[in-house]
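Below: the structure, in structure tokens.
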Amino acid sequence: MSHFLVRRLLQATMLVALMSFVCYALIGLMPGDPIDLMLSADPRLTPDDIARLKAIHGLDQPILERYLAWLGKALTGEFGYSRLYSQPAAAVLGPRLANTALLMGVSLTAAALIALPIAVTAAAHAGTGFDRAVNALCFAGISVPTFWLALVLILVFAVELGWLPAAGLPMARDPGLAERARHLVLPVLTLTIAAVGGHVRYIRAAMVEALGQDYIRTAHAKGLHPRRVLWRHALRNALLPYVTILALDCGALVSGALVTETMFGYPGMGKLIFDAVMGNDYNLALLALLLVTALTVACNLLADVAYAALDPRIRQR
Amino acid sequence: MYRMLSAALLALFAAVAPATASPPAKDELVIGITQFPATLHPNIESMLAKSYVLGMTRRPFTTYDKDWKLVCLLCVELPTMENGLAKAVDLPGGKRGVEVTYTIQPGAKWGDGVPVTTKDVVFTWEVGRHPMSGVAAAEFYRRVTRIAVKDERTFTLHVDKLSFEFASIGGFQLLPEHLERPAFSDPTKYRNRTLFDTDPTNPGLHFGPYRIVEVQAGSHIALERNPTWYGPKPAFRRIVVRAIENTAALEANLLSGAVDYVAGELGLSLDQALAFEARHRDRYDVVYKPGLVYEHIDLNLDNPILADRRVREALLLAIDREKLTGSLFGGRQPVARGAIHPLDWIHATDLPAHAFDPKRAAELLDAAGWSRRGGGPRQNAAGERLVLELMTTAGNRTRELVQQVLQSQWRQVGIEVRLRNEPPRVFFGETVTKRRFTAMAMFAWLSAPEAVPRTTLHSESIPRPDNNFSGQNYTGYANPEMDALIEKIEVELDREKRRRLWHTQQHLYARDLPVLPLYFRADPFVMPKWLRGIEPTGHQYPTTLWIENWRFAAP
């Protein structure tokens with residue numbers, strides 16, 4: 001087991017290191033550097049200004065040199081300053097990360113908690129009217145564009161009924177927990193509705209497969225209560241592939257949800273990463289993207305470890 | 001498709017939304033804009049959202065008012081040659097410079113009570129001219145060779161170039177020496193240490209009617225009255241500037257009451273505002289202010305087809321710009337006859353209109369050797385078809401609509417136009433700046449009142465590999481007559497003589513047509529009926545520079 005763990009840890013570290021270069025190179029290969037873009041916004045800039053600013057920001061150096069310089073500092077824990085925000089990249093990231101973890105964490109949990117009973121019930125009654133209705137609703141939830149859903153929710157609950165605020169964050173100073181939660185309702189609802197369909201379909205498919213296995217027939221033959229067979233025997237096995245899906249979704253805890261954040265004016269990681277990439281803010285974009293990569297890799301590693309612990313065949317491979 | 005869905009939804013809810021009763025008097029105003037400022041340092045980076053917010057917290061020495069007249073804000077009197085506050089001087093090497101004297105408004109104090117003085121002036125100049133400080137547009141700071149301090153409030157700038165704009169120092173934004181000096185101890189680190197970004201709610205950074213009290217990055221900035229402000233007390237106790245990038249969500253926030261007013265500088269698109277006005281004119285006033293954003297088509301004059309002036313004129317005559325702005329923009333965006341806005345005092349009123357005249361366009365094309373056989377595209381004697389490519393920014397719905405209308409109108413006279421669009425980043429980052437568009441590129445220029453077009457029309461400003469693609473003369477236009485006019489205009493101090501030079505310049509532009517003028521964009525200001533005192537300027541200086549005039553008034 002320890003050999004397996006060390007091997008996977010090494011692989012994960014190498015993957016993160018490789019991704020740091022890939023991300024750096026991809027941002028660097030995008031057309032137009034930030035100073036060129038600045039020029040289109042400020043007609044007062046002269047060619048001298050452009051040359052000077054490029055030198056200040058190190059944009060006059062080849063990309064490999066820039067990457068190696070960044071890597072050297074990153075290895076000492078110094079991730080540099082955000083060009084866009086003129087603050088340490090880590091300091092810019094901190095509050096956004098907390099916002100996104102809260103929004104995505106609540107949404108993912110809500111989606112999983114809602115999806116689980118619906119999917120299990122649908123699988124237990126596969127082919128019935130209820131199952132078909134759940135399927136149809138899932139497809140609707142998956143198909144509806146997030147921005148449109150957000151707009152509908154804002155119009156219904158904020159404009160028409162006036163029950164909930166349209167913004168994701170309160171504007172008052174020290175708004176209190178209740179007010180903060182009230183502002184989170186609509187963005188969380190948007191993300192939950194958008195995610196729940198997918199979760200239901202994953203769990204339902206796994207449950208249908210599990211319910212057709214021999215051990216389920218055996219459990220029934222032993223005279224176990226059908227509810228016990230469903231929730232203990234079938235669900236336990238069906239949850240294994242779902243854990244993989246959840247592990248993959250973990251990246252979203254830090255990568256955020258660009259559209260939802262934009263619609264609700266919610267300062268999260270999705271918008272930050274987008275702005276950092278589009279603004280060629282290397283330090284910020286890299287730190288954010290590496291964080292997403294590292295968390296996704298870590299969650300997958302955890303899933304692998306859990307699998308290995310549960311299934312000895314995986315360890316032996 | 002998505003926009004249509006959003007519009008339909010908003011219209012549906014508008015139809016059933018209850019009418020709101022008269023609002024109670026408000027002492028807080030929530031302004032919605034579509035961008036969040038990345039930095040709050042007045043001299044690092046250039047961003048409209050930042051100028052908008054800082055318009056409430058500080059004042060430039062000079063600005064252009066709503067009538068596009070240069071006025072003093074932080075200074076007491078505008079320097080002129082006549083009042084003796086400006087003096088032309090001869091410099092070594094035959095150059096001419098200018099000495100301009102300003103006095104800071106008495107009573108101007110930073111938010112922590114420290115007076116705004118000439119120490120701040122000298123410090124700001126030191127920061128601005130240091131090559132490593134990160135100040136973006138440093139040309140002004142380099143041109144100021146010395147600052148002579150007379151006393152705590154009066155100083156003289158010694159500028160090494162005499163130009164008619166000598167009195168305009170709107171970009172010279174003061175920094176508080178008593179707070180920022182330590183951050184500037186290592187100039188290379190200044191841009192990362194400045195209090196404007198590390199401690200933006202420090203009261204000592206602001207001397208305008210408001211000071212920043214809260215910054216929630218990416219969401220909103222809250223401001224409250226500045227007790228040390230020397231001008232009239234502003235009406236609103238608290239202002240919140242809220243950033244909502246999606247304009248459909250911004251509109252929904254406005255309707256829900258989460259936002260009171262949508263700023264024209266960074267707000268709804270024109271088509272959205274027109275639809276909004278039609279549905280909500282009982283609760284909101286929408287003011288359209290045509291501004292200095294000049295939509296046009298740059299022609300690549302290296303293209304042999306476009307090198308022929310007759311073809312360029314035919315392209316312009318073949319499009320019905322009046323009808324285009326009428327049908328797409330409700331006539332709110334005036335047709336441009338050139339790059340100079342009609343509100344600018346230098347605008348020539350007698351420019352050729354180049355009104356829609358497909359017959360004349362056809363004659364010009366015939367004369368240029370592009371004849372038409374049948375209903376297809378025209379061909380020259382060598383059998384080559386008259387095919388041009390029109391590029392613009394992908395995803396800009398308005399431009400894409402305009403593009404389709406133009407393509408259809410040009411087809412009527414036998415010009416085949418192929419559309420090829422790119423994301424703004426590629427379009428502006430590579431294609432336009434490196435002159436990689438083969439024929440036509442549609443975009444906009446943002447200028448200032450009486451802006452000299454040196455970077456866009458002077459032959460020295462043509463981007464080339466040997467000048468590292470600097471300059472913005474993307475058409476490749478080179479005319480010694482235009483170069484000479486630009487150089488003369490820059491140094492002509494006599495207003496009447498300068499007006500004549502400007503008129504000549506505009507006629508030359510209309511004759512040579514290196515660019516096809518389309519229209520001037522208008523900003524829609526969506527104001528609740530109870531909000532008064534906002535006066536859209538139409539130029540780059542934001543309305544917030546006069547925020548002390550904004551007030552609540554029961555409708």
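Read the figures in this text as sums done on the coordinates, not as results from a lab. Not measured: the values here are computed from a predicted model. Note that each Cβ is placed from the backbone with ideal geometry, even for glycine, and that neighbours are counted across all protein chains shown.
For the pair A:Ala101 and A:Thr13, how long in nm is the line joining their label points, each one 7 Å along Cα→Cβ?
Computed distance between label sites A:Ala101 and A:Thr13 equals 2.4 nm.
How many nm separate the modelled label positions at A:Ile63 and A:Asp48, each set 7 Å beyond the Cα in the direction of the Cβ?
Once both label points are built, they end up 3.2 nm from each other.
Cβ neighbours within 10 Å, averaged per peptide: list B:211-220, A:190-199, B:70-79 in order, most packed at the top.
On the way: B:211-220: 21.4, A:190-199: 22.9, B:70-79: 17.6.
Peptide ranking by packing, descending: A:190-199, B:211-220, B:70-79.
Which one of B:Ala108, B:Tyr190, B:Met81 has its Cα pushed farthest toward the positive end of the charge dipole of region B:60-198, where Lys and Arg give +1 and Asp and Glu give -1 at the Cβ?
Ranked along the dipole, the leading option is B:Tyr190.
Let me know the charge dipole size of chain B about its Cα centre in debye, to the nearest 20, where only the beta-carbon of Lys, Arg (+1) and Asp, Glu (-1) is charged.
For this selection, approximately 560 debye.
As a check on your grasp of the helix formula, calculate [θ] at 222 nm for the protein assembly as shown: sum -39500 (n - 2.57) over DSSP H runs of n ≥ 4, divide by the residue count, round to the nearest 500.
After summing the helix terms and dividing by the residues of the protein assembly as shown, the value is -13500 deg cm²/dmol.
Each residue of region B:128-133 in order: what ³J(HN,Hα) in whole Hz does its phi give by Karplus 6.51 cos²θ - 1.76 cosθ + 1.60, θ = phi - 60°, with x for Gly and Pro?
x, 8, 6, x, 9, 6
Could you compute Rg(Cα) / (2.2 N^0.38 Å) for chain B, with N its residue count?
Numbers: Rg = 25.3 Å, N = 555, 2.2 N^0.38 = 24.3 Å.
That works out to 1.04 for chain B.
Let a ≥ b ≥ c be the square roots of the eigenvalues of the Cα gyration tensor of region A:96-316; is it rounded (a/c under 1.5), or, if not, prolate (a/b larger than b/c) or oblate?
oblate
Is there a quick way to get the dipole size of the protein assembly as shown? I mean about its Cα centre, with the Cβ of Lys and Arg at +1 and of Asp and Glu at -1; what is the value in debye to the nearest 20?
That gives a dipole near 2120 debye.
Might you list the cysteines of the protein assembly as shown that have no disulfide-compatible partner by the rule of another cysteine's Cβ under 4.7 Å?
Within the protein assembly as shown, the cysteines lacking a partner Cβ under 4.7 Å are A:Cys23, A:Cys138.
Hey, for a label at A:Leu302 modelled as a point 7 Å past Cα toward Cβ, could you say which residues of region A:236-256 have their backbone N under 14 Å away?
A:243-254
What does the structure give for B:420-427 when I average, per residue, the other chain Cβ atoms found within 10 Å of the residue Cβ?
If you average over the peptide's residues, the count of other-chain Cβ atoms is 3.
Which listed residue (A:Ala219, A:Leu191, A:Asn280) has the Cα farthest towards the positive end of the charge dipole for region A:96-316, taking +1 on Lys and Arg C-beta and -1 on Asp and Glu C-beta about the Cα centre?
With unit charges placed on the Cβ atoms, the residue in question is A:Ala219.
Just to verify a number: FRET efficiency for A:Asn135 and B:Glu487, C-beta to C-beta distance, R0 = 56 Å, to 0.05? Kindly include the intermediate steps, with their values, before the conclusion.
Numbers: r = 74 Å, r/R0 = 1.32.
The value I calculate is 0.15.
At B:Arg418 and A:Val185, where each label point lies 7 Å from the Cα along Cα→Cβ, what is the point-to-point distance in nanometres?
Calculated label separation equals 5.5 nm.
Which of the trypsin sites (Lys or Arg not before Pro) found in region B:250-351 are in a DSSP loop and have at most 13 neighbouring Cβ atoms, other than their own, within 10 Å?
B:Arg281
Bin by bin, in steps of 20 Å, what percent of the Cα pairs in the protein assembly as shown do you find, going until the bin that has the longest distance?
For the protein assembly as shown, the pair-distance distribution reads 13, 40, 34, 11, 2, 0.
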